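Enquirer: Mind having a look at this structure? Questions to follow.
The values are calculated or read from the model by the stated rules, or taken from the named source; none is laboratory data. Remember, predicted model here, so these are calculated numbers, not experimental data. Here Cβ is always computed from backbone atoms with ideal geometry, including for glycine, and neighbour counts include all displayed protein chains. Just the protein is used for accessible areas: all its heavy atoms, side chains included, with ligands, DNA and RNA removed. Shrake-Rupley method; radii C 1.70, N 1.55, O 1.52, S 1.80 Å.
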Amino acid sequence: MIQRKILLGVSGGIASYKSAELVRLLTKAGHEVQVVMTRSATEFVGPVTFQALTGREVFVEMWDKQRGDSMAHISLTRWADLFLVAPATANFLAKLANGIADDLLSTLAAARECPLLVAPAMNKQMWANPANLRNIEQLKVDGVTILGPAAGVQACGEVGEGRMLEPEEIALHVEAAFQPKLLAGKKVLITAGPTFERIDAVRGVTNPSSGKMGYAIARAAWEAGAAVTLVSGPVSLEPPPGCRRIDVLSAQDMLNAVNAEVDEADFFISVAAVADYYVLNQSEQKIKKDAHILTLELAPNPDILANVTARPNPPFCVGFAAESENLLEYAEAKRRRKQLPLLAANLVQTAIGADDNEITLLDDAGQHRLPRAGKLELARKLVAHAARLYLQKKN
Ligand code: PMT
């Protein structure tokens, strides 16, 4: 994880109490955070809270005689790799959209050189106010990234759009802002997790895939600027923000969902641990237990990835191979059989269910080993590799 310098502006809204949690998440991820507050933000949360969390003095006033740094508005923006304002009030956004610099935070925003992200937070009427919506459109044109807002119950008790995104989601957007946009404008279809093949009303055949690898790839593709659709077997993970998830159960459901989406896709990344067989003699009702031996008849499932590569104009396809022995030999044979430009080989014993993994990428140029690391780190490398090969193929 690369350490970054983040300038966090806190303007005066009730959501500013959540900024303390945001600071905690950002510093836990290894980033240095410098907080600047507006005077009205200090009515909601005391600067000392942020000072304790960041270990750095919090700036509020433009003209702080004690500090003797009358150029703080320049030096702080030069220091920062990224400028985030959360919460961003309607008043702050209006000033930003119109180039008004009348306090330290708005002056810093006007003097910035680094990317600026804002997380609006306000009452639903204020959000829907035509002047506010005009300001938001102007800010987008000016290259400011708008995070949210979310809809839901507001501090005033009303329900509607205008809530600040949760700190966890803002932190994900911050990490994404640091990733190169290698897949900007591309559509990526990903399968993840296990499938579940029904035996009867309550039982089924499945496997221990947690979905972590597939969801990490979905997050990495989203961070790289792609529109991501995630066809997911039953897992207990939240999809990354901005990813559309389609829930499926069986391999046949997964095939149907992939077929419905694949025409639109530039990339298809098949990470799911799809059951190779389904139960032929399924029972509608729960099978009653008795002393007899129960025999399940298994019939082969369709191969989803092979179906996609066999299409007349397939997207750029990336397969996975989970092997328990002879990893590279079996994986390369799989790559050739399924006609894949890229395949990620991993040992099932150490890959499945784990938080980290070790992968070898196989392509026409040979083998590229990615040493053991967290699944997100590997996913970012895999996405970058796939994007490079895709470009080579196009040119
Ligand atoms: O979910 P995690 O706990 O994070 O674990 C990740 C993982 C180990 C499941 C993942 O890294 C992985 O290896 N996924 C592929 C597992 C697998 O089914 O491998 P396979 O060698 O059986 O299949 C080869 C390829 O064909 C895979 O891309 C698979 O998605 C695809 N396939 C397989 C069978 C089938 N009927 N349809 C398919 O599309």
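Enquirer: Taking loop as defined by DSSP and a crowding limit of 12 other beta carbons within 10 Å, which GluC sites (Glu not before Pro) in segment 132-173 fit?
Expert: Details: sites: Glu137, Glu158, Glu161, Glu168, Glu169; in loops: Glu158.
Taking segment 132-173 and a limit of 12 other Cβ atoms within 10 Å, the loop GluC sites (Glu not before Pro) found are Glu158.
Enquirer: Hey, another quick one. Run down the aspartates and glutamates and flag those whose C-alpha is under 12 Å from the C-alpha of Lys286, throwing out any fewer than 8 positions away in its chain.
Expert: Hits, sequence-local ones excluded: Asp200.
Enquirer: Tell me, what are the semi-axes, in whole angstrom and largest first, of the equivalent ellipsoid of segment 187-394 as set by the roots of 5 times the Cα gyration tensor eigenvalues? Write out the running numbers ahead of the final one.
Expert: Numbers: eigenvalues 175, 67, 57 Å².
The answer is 30, 18, 17 Å, longest axis first.
Enquirer: May I ask which of Lys334/Lys381; Lys140/Lys338; Lys334/Lys394; Lys212/Lys289; Lys186/Lys338 have a Cα-Cα span longer than 32 Å here?
Expert: On the way: Lys334/Lys381 21 Å; Lys140/Lys338 43 Å; Lys334/Lys394 24 Å; Lys212/Lys289 35 Å; Lys186/Lys338 23 Å.
From Lys334/Lys381; Lys140/Lys338; Lys334/Lys394; Lys212/Lys289; Lys186/Lys338, over 32 Å: Lys140/Lys338; Lys212/Lys289.
Enquirer: Where in segment 304-395 are there GluC sites (Glu not before Pro) that are in a DSSP coil and have at most 16 other Cβ atoms within 10 angstrom of their Cβ? Mind dumping the intermediate values first?
Expert: Working: sites: Glu323, Glu325, Glu329, Glu332, Glu358, Glu377; in loops: Glu325.
Passing both the DSSP loop test and the Cβ count: Glu325.
Enquirer: Determine the gain in length on full extension of the stretch Glu168-Ala373; use 0.36 nm per residue of separation and subtract their C-alpha separation, reporting nm with one decimal. Mind dumping the intermediate values first?
Expert: Working: separation 205, 0.36 × 205 = 73.80 nm, distance 2.22 nm.
Stretched out fully, the Glu168 to Ala373 stretch lengthens by 71.6 nm.
Enquirer: For the chain, what does the helix formula give at 222 nm: sum of -39500 (n - 2.57) over DSSP H segments with n ≥ 4, over the residue count, nearest 500 deg cm²/dmol? Write down the numbers at each step before the final one.
Expert: On the way: 15 runs with 140 residues, N = 395.
So the calculated ellipticity at 222 nm is -10000 deg cm²/dmol.
Enquirer: Treating only the Cβ atoms of Lys and Arg (+1) and Asp and Glu (-1) as charged, compute the dipole magnitude of the chain about its Cα centre; round to the nearest 20 debye. Don't skip to the answer; put the middle values down first.
Expert: On the way: 42 positive and 44 negative charges, 101 e Å.
Charge dipole, the chain, about its Cα centre: 480 debye, nearest 20.
Enquirer: Please give the contour-minus-distance gain from His292 to Gln125: 0.36 nm per residue of separation, less the Cα-Cα distance, rounded to one decimal in nm. The partial results should precede the final answer.
Expert: Working: separation 167, 0.36 × 167 = 60.12 nm, distance 6.69 nm.
Answer, rounded to one decimal: 53.4 nm.
Enquirer: Mind ranking Ile6, Ile293, Ile100 by accessible surface for me, highest first, 1.4 Å probe?
Expert: Working: Ile6 0, Ile293 155, Ile100 80 Å².
Accessible-area ranking of Ile6, Ile293, Ile100, largest first: Ile293, Ile100, Ile6.
Enquirer: I would also like to ask the following. Would you work out if segment 298-344 is rounded, prolate or oblate? Take a ≥ b ≥ c from the square roots of the eigenvalues of the alpha-carbon gyration tensor; rounded if a/c is under 1.5, else prolate when a/b is larger than b/c, oblate otherwise. List each step's numbers first, then the result.
Expert: On the way: a/c = 2.56, a/b = 1.25, b/c = 2.04.
Oblate is the answer for segment 298-344, as a/c is 1.5 or above yet b/c matches or exceeds a/b.
Enquirer: Suppose the chain between Val153 and Ser283 were pulled fully straight at 0.36 nm per residue; how much longer would it get relative to their current alpha carbon spacing?
Expert: Details: separation 130, 0.36 × 130 = 46.80 nm, distance 4.46 nm.
Length gained between Val153 and Ser283: 42.3 nm.
Enquirer: What stretch of the chain, leaving out the sites themselves, is the longest with no chymotrypsin sites (Phe, Trp or Tyr not before Pro) in a DSSP loop having at most 15 other Cβ atoms within 10 Å? Write down the numbers at each step before the final one.
Expert: Numbers: sites that count: Trp63, Phe178.
Looking at the chain, 179-395 is the longest stretch - no exposed chymotrypsin sites (Phe, Trp or Tyr not before Pro) with at most 15 other Cβ atoms within 10 Å.
Enquirer: Read phi for every residue in segment 338-349 and hand back ³J(HN,Hα) as whole Hz from Karplus 6.51 cos²θ - 1.76 cosθ + 1.60, θ = phi - 60°, with x for Gly and Pro.
Expert: Karplus-based 3J(HN,Hα) across segment 338-349 equals 8, 6, 9, x, 8, 9, 9, 9, 9, 7, 4, 4 Hz.
Enquirer: Residues of segment 95-114 with amide nitrogen under 15 Å from the 7 Å Cα-to-Cβ point of Ile146?
Expert: 95-98
Enquirer: Then there is this: What distance in nm separates the two pseudo spin-label positions at Lys394 and Glu113, each 7 Å out from Cα along the beta-carbon direction?
Expert: 3.2 nm
Enquirer: Calculate how steeply helix 375-394 sits against the longest principal axis of the alpha-carbon atoms of the chain, using the helix alpha-carbon long axis, and give the answer as 0 to 90 degrees to the nearest 10.
Expert: The angle comes out at about 80 degrees.
Enquirer: Treating the angle as unsigned and between 0 and 90°, give the value, to the nearest 10°, between the Cα long axis of helix 212-223 and the longest Cα principal axis of the chain.
Expert: 40 degrees
Enquirer: Sticking with this one: Tell me, what is the FRET efficiency for Arg134 and Ala52 to the nearest 0.05, using R0 = 51 angstrom and their Cβ-Cβ distance as r? Walk me through the intermediate numbers first.
Expert: Values: r = 39 Å, r/R0 = 0.76.
Using R0 = 51 Å, I get an efficiency of 0.85.
Enquirer: Kirkwood Rh over alpha-carbon pairs of segment 5-177, then Stokes-Einstein at 37 °C and 0.692 mPa s: what D in µm² s⁻¹, rounded to an integer? Numbers along the way, then the final one.
Expert: Working: Rh = 15.9 Å.
Roughly 206 µm²/s, to the nearest whole number.
Enquirer: A follow-up question, please. Can you tell me, using C-alpha contacts under 8 Å and at least 6 residues apart, the relative contact order of the chain as a whole percent?
Expert: 11 percent
Enquirer: Excluding Pro240 itself, calculate the net charge of residues whose Cβ lies under 13 Å from the Cβ of Pro240, where each Lys or Arg counts +1 and each Asp or Glu counts -1. Write out the running numbers ahead of the final one.
Expert: Numbers: positive: Lys212, Arg219, Arg244, Arg245, Lys375, Arg380; negative: Glu168, Glu169, Glu175, Glu223, Glu238.
Value of the local net charge: +1.
Enquirer: Right, next: Regarding segment 207-260, what are the three Cα extents along the principal axes, ordered largest first, in Å?
Expert: 30, 26, 13
Enquirer: What do you get for the angle between helix 130-141 and the principal long axis of the chain? Use alpha-carbon atoms, 0 to 90 degrees, nearest ten.
Expert: 70 degrees
Enquirer: Compute the signed sum of charges (Lys and Arg +1, Asp and Glu -1) over the other residues within less than 10 Å, Cβ to Cβ, of Ala379.
Expert: Once positives and negatives cancel, what remains is +3.
Enquirer: Stokes-Einstein at 25 °C, 0.890 mPa s, Kirkwood radius from Cα pairs: D for the chain in µm² s⁻¹? Walk me through the intermediate numbers first.
Expert: Values: Rh = 23.6 Å.
Translational diffusion coefficient: 104 µm²/s.
Enquirer: Residue farthest toward the positive end of the dipole of segment 1-157, with Cβ of Lys/Arg at +1 and Asp/Glu at -1: which of Ala86, Met62, Ala41?
Expert: Farthest towards the positive pole: Ala86.
Enquirer: Now a separate question. Within the chain, what is the longest stretch that has no trypsin sites (Lys or Arg not before Pro) placed in a DSSP loop and near at most 16 other beta-carbon atoms within 10 Å?
Expert: Details: sites that count: Arg39, Arg56, Lys65, Arg67, Lys181, Arg203, Lys286, Lys288, Lys289.
Value returned for the longest uninterrupted segment is 68-180.
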